[in-house]
Structures are given as structure tokens and as C-alpha cells.
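The values are calculated or read from the model by the stated rules, or taken from the named source; none is laboratory data. Since the model is a prediction, treat every value here as computed from it, not as a measurement. With ideal geometry, Cβ positions are generated from the backbone for all residues, glycine too; neighbour counts draw on all protein chains shown. Ligands, DNA and RNA are stripped out before the accessible areas are found, and what is left, the full protein with its side chains, is counted by its heavy atoms. Shrake-Rupley method; radii C 1.70, N 1.55, O 1.52, S 1.80 Å.
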Amino acid sequence: MKKFYLLSVIYRKLKNISLVKKVILVSVIAILLPSITMIFYTYNQSKSNFAIEIQKKDYQTLCQIKENMLLKVDTANNIASNLSLDYELQGFLKRVFVMNTENILEYIDHLIPKFIHTESFYRHLIDDVTIYTTNTSIPEQSDRLYHENEIIDLEWYTDFKNGKQDYLWLYPQNSLLFKKSGLQDESINFTLVKKIFSSGGNYLGIITITINEETLLPPAYTSDNTQEIFVLDKNLNIISHNNSINNADEIIKHKNNLMHDSGSNYLIDKNKLFTYITVEPLELSIISIKALDQLMEKPKDANRNVIIVLITGVFISVLFTVIIIQLIFTRLKKIIKIMDTISNGRFDILIPVEGEDEIGLLSKDFNRLITKINDQINELLKKETEQKNAQLLALQYQINPHFLYNTIEFFKAKMELAGEYQTAEAIVNFGEIFRYNISQNTMFATIKTEIHHVENYINIQKLRYNGQVILSINLPEEIMQMEIIKFTFQPIVENSIKHGITSSNQPLHINISSEVNGGNLLIIISDDGRGIDQDTLQHLNNSLRDSCGNDNILNSSSSIGLQNINHRLKLFYGNKYYIQLISEKGKYTSTIIVIPYIKN
């Protein structure tokens, strides 16, 4: 409740302050909010980008260490492959050794020199080359050749010999892999073990190539003193580091997350960046640690300078915004003062126009409005005077419609007394037409009423054309009570007589029929008159279909009736309801009226 009360108080205070203060407040907020957001975003983004750049650099360093290790691993693999595939070595290992001069010389002059030559040529890389053979007839030679029995009871050898893999890397920590290895000290040795098979596929033993830790992992992994690098084995034990163990506890704490966190090769914790990479053949992981606090000092100084510049720019922008708004509202206050004077009834003053900006245009438009108001007031006074005069004149000449009906009845009676029954009937029809035309109670009539109006009209036309016009009605009873716009049928029938009747004495047949098509009712008024040529017919149909509003779609004065009906159909029912004409020159003309079919 307290929060809502506080918000309501703030709203009331903001509501009551002046518009200029509201605009200034909104403008200041509109400048400050994005600026502050941009400042914090820029700072955090630069910090994040700097951390990413450090991570990329550390990762590249680890990649270089990895490539250096893989190069040495590949070299050791090639040495082991070359020795295991040596034809003379395979032949010596698979034969039963007989103590004679020839075998001893081969052993001394050919076999042993292969090892010595290999160790001498790759002395910068390997420390020891040893063979463990299954051929117990060959005498053992210290540091060069041993029997399989020396290692057969070791668990790793049993698994390797019975397994399918040909290579195996071993790297014990402070323990011995082999009982009689020449490197029996406390150093960490990485040993490559390779199976030896004869050309016939017989297992002859293994060849081992040993690389010392200092050779595979140089102590100075990187020249960056701020970076600590650790090497972990597949059991996540630290087996090597670069001259420092300050963060060994951190490695132990995060090693599981570092080694098993999928999708990322770095981790940030307590401003320390942990980056790692794996060396698959050796099942080793290399982990780098860097403290971000010291590295972020320079970027912090740079960001601080950027923030100061941004804040200064924001302050200047706010100051200029306030000044400009004050200048704008000073001019607006002048306009408001003049408007207040005009609202009190003085329309004889105008706003002074200062400049061509929006306020100047507003002043011009307001002055034009005042001028138009003055003109309209004068025009209104003039019209009111003229209207009063016209009303007085209309009262003087008003005719009572009942007088006209009574007069028509009088003429009818006179004609009947004179024996002019046909003329008398025509006068009655004229009276009904007149009464129908001046009735203003509705804009709609039933189809039955419209047909009766047409019949009255035809009766008069028969008198004019000596019975030459013949009307036939073919409409079902169920549509006779449907409503349609008044004065729809008669103008079309009149148009048929005007354009359809010929100078000869041939009668003109006019037929009114209907048809239901989907949800529409089609009223068809046809005549067998002169018809319409195709060019004129196409022009009329296009004009009737495309017309809208009060467009003067038909130029012929004889088509005013069609134009009026077509416009009213579209106005009341929609643009898809309009008049259509079908005709053939010299034969017939059909006018089709389309309206919605509404039952009951």
C-alpha cells in the first residue's frame, strides 16, 4: 500500500507541474537512461571482451604446447614402427638362438647397433629403447633386450598383450613400470609400448621407447610469468607444472568441472581464468591459470577515461536540451497568451509570425483559421438572413397537396361524364404516380408496390402510344413482399420505351421476370425494341461496373435514370451490386438488377 501511495503522490506532483518542466524532465530522462545503460554496457562489454582475448591467447599457448607434444609423440610412434617392422630384427627374434659364432656376431654387430644408432640419432628426444621378447633362447642384454618373463606378471602388460591395440602410452608417477629398466629413478617417464609381430602374424614381444618429462614437457612452458600451467593425467592427478604450485589447490577444486564441462574450454572463478586443452593420444590435460585482477588494471583505467568522457557529453547534451526547450516554450507561451485573448471573443487580432520553423507554421495556420472563422461568421449571418426571407416567401406560395388530389378527382369525374373513360383512368394513374413520388416516409418499397407503380406508368404510356406498349409481369408471389429501393423499376421501363419503341406501329413488349442466383435476386426487365450495338453496350457495362460515389459515369443524358439507380444500388447494398445490360442490335435489350436475396 505504501508503494501505491508513493506512486500516487509522484503522479499528482508530475500532473500539476508546468508543461515545460515535464518536457525537460522527459528529455533529461530520455538522455540519461540510454547513456547510463550504454556506459555500463560498454564497461561490462570491454571487460568481457578483454577476458575473451586473454582466454584466446591462453588457449593458443596451450595449443602450441599440445602441438609440440604431438610432434614428439608422432616421432616416437614412427621410431617404434620402423624398429618393429625391421626385417632383420623380426628374423632374429623368431629364430631359436644357438650359441655359436655366427649368431653371437649377428647379435653384437647387427642387433645391438640398431638400438645404439636409434638412441644416438634421436638423443634429443628419446632416453631409452628396449625390447621384451617372447624368445627365451636369446640371451638378455642389459638396457637393450629382456625376456617377456620380466614383465609378464604386471597387470598393464597382461591387458595390453591380450588387447587389440598395438600402441600404449604409460606414464607412472614415482613408480617403476619395468623391473629392469635402465631409468629406475624418481623422475616421470612417458613410455611408448609397441607390439612386434612377424610377417606371419606371430607375436614376438614388445618394443618400448621412453621419453623423459623434461623432454616431452619443457619446464618453461611459456614466457608469460603471469600464467601457471599444469599437466594432469587421465585420473586428474597433477603430474607436472611450470615452476609454481601456487594454484594447485584451485586445480584440485575445479579439475572435475574443467575436465568434464562440455561446450567450453575455459572457466572464470574469483577473477581467475582457467583454460584447458586435452592431448588425446597421451590422455593428458593441460590447464592454464591466470589472475585477471592484475591484467584488468590497464583496461580499467581506459574504461574510466571513456566513462568520464561519456558523462561529460551527457551533461552537455542535457544542458543544451534544457536551453533549447526553454527557448521553444517562451515562444509557445506568447502564442498561448494571444489564443486566450481570442477565446474571450476577440477575433480581430493575429499571432505575430517569427521564423519559418514548426512554431512559425503553427502561427500562420492559426492566423488562417482566425481569418476563416471571421469569413464564416459573416457568411453565416448572410445565410441566416437569406434563409429567413426564403421561408417567408415559401409560406406565401405553399400549396396543399390535398388540393391537387381533389383537383385530379374532379377532372376524372368530368372525363367519365364526357365518356372519356380511358383518359379518366389515365388521370387516376397519374394521381397515384404523383402520390407515390411525393411520399417521403421511407426510401424503400415492396416489389409489389414498385410493380403497381410501373403498371400505372404503363397505362399512361398506352394512352400516349395508342396501346403500342404491352407489359407482362412474371414474378413469383414469394418475392412480392421483398423490399427494394424506391423508384428502381419505373426509370428502367421508361428507358425501354424511350429507346425501344420504333416509328412503325409494331408493339413493344416489356417483360419483368426474376431469377435467384446463389444469395442474390436478379430482376430482369426486357424489351424487344431496337437494341444496343456492342461497342456502346460494352462502354455502358464498364461504366456501370466501375463507377463509385457521385462519379458522372455516363455522359448521355438519356442514361441519367440508369446512373441514378446504379449509384443507389451500390450505396445501399455494396459495390458488387450494380446494373448489367444484355442486348443485341435490332432484337432485344435486357436490364438486370442484382440485389441481395433476403427471404421473409
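Amide H contacts for Leu284 (H built 1.01 Å from N in the peptide plane; partners 5 or more residues away or on another chain; cut-off under 5 Å): Val279. Scalar couplings 3J(HN,Hα) for region 113-123, obtained by applying the Karplus form with A = 6.51, B = -1.76, C = 1.60 to θ = phi - 60°, are x, 4, 5, 5, 4, 4, 5, 5, 5, 10, 5 Hz; x denotes Gly and Pro.
Computed extension length for Asn466-Asp533: 21.3 nm, one decimal, from 0.36 nm per residue of separation with the Cα-Cα distance subtracted. For the pair Asn162 and Lys448, label points projected 7 Å from Cα toward Cβ lie 11.1 nm apart.
Here the label points at Asp546 and Lys337, each 7 Å from Cα along the C-beta direction, are separated by 6.0 nm in the simple model.
Counting Lys and Arg as +1 and Asp and Glu as -1 over every other residue whose Cβ lies under 11 Å from the Cβ of Ile277, the net charge comes to -2. Projecting label points 7 angstrom from Cα along Cα→Cβ for Ile349 and Lys57 puts them 7.3 nm apart.
Between the amide H of Leu125 and any residue lying 5 or more places away or on another chain, no distance stays under 5 Å, with hydrogens modeled in the peptide plane. Gain in length, Leu475 to Asn237, computed as 0.36 nm per residue apart minus the alpha-carbon separation, to one decimal in nm? 75.2 nm is the gain from fully extending Leu475 to Asn237. With a Förster radius of 25 Å applied to the C-beta separation of Met38 and Gln64, the computed FRET efficiency comes to 0.05.
Karplus-based coupling profile of region 444-459, in residue order and whole Hz: 10, 8, 6, 4, 4, 5, 4, 5, 4, 4, 5, 4, 4, 5, 5, 4, with θ = phi - 60° in 6.51 cos²θ - 1.76 cosθ + 1.60 and x standing for Gly or Pro.
Of Lys334/Lys372; Lys72/Lys161; Lys164/Lys234; Lys57/Lys161; Lys462/Lys576; Lys56/Lys195, which ones are farther than 32 Å apart at the Cα? Can you show the working numbers first?
Numbers: Lys334/Lys372 22 Å; Lys72/Lys161 25 Å; Lys164/Lys234 20 Å; Lys57/Lys161 42 Å; Lys462/Lys576 36 Å; Lys56/Lys195 40 Å.
Listed pairs above 32 Å: Lys57/Lys161; Lys462/Lys576; Lys56/Lys195.
Binning the C-alpha pair distances of region 110-164 at 5 Å intervals from 0 yields a P(r) profile of 4, 17, 22, 19, 18, 15, 4 %, listed from the shortest bin outward.
Compute the length gained on full extension between Leu581 and Glu280: take 0.36 nm times their separation in residues and subtract their Cα-Cα distance, giving the result in nm to one decimal. Mind showing how you got there, number by number?
Details: separation 301, 0.36 × 301 = 108.36 nm, distance 8.93 nm.
99.4 nm is the gain from fully extending Leu581 to Glu280.
Protein-only accessible surface at a 1.4 angstrom probe places the residues Thr75, Thr591 in the order Thr75, Thr591, largest first.
What is the distance in Å between the Cα centres of region 472-505 and region 579-600? Between the Cα centre of region 472-505 and that of region 579-600, the gap is 10 Å.
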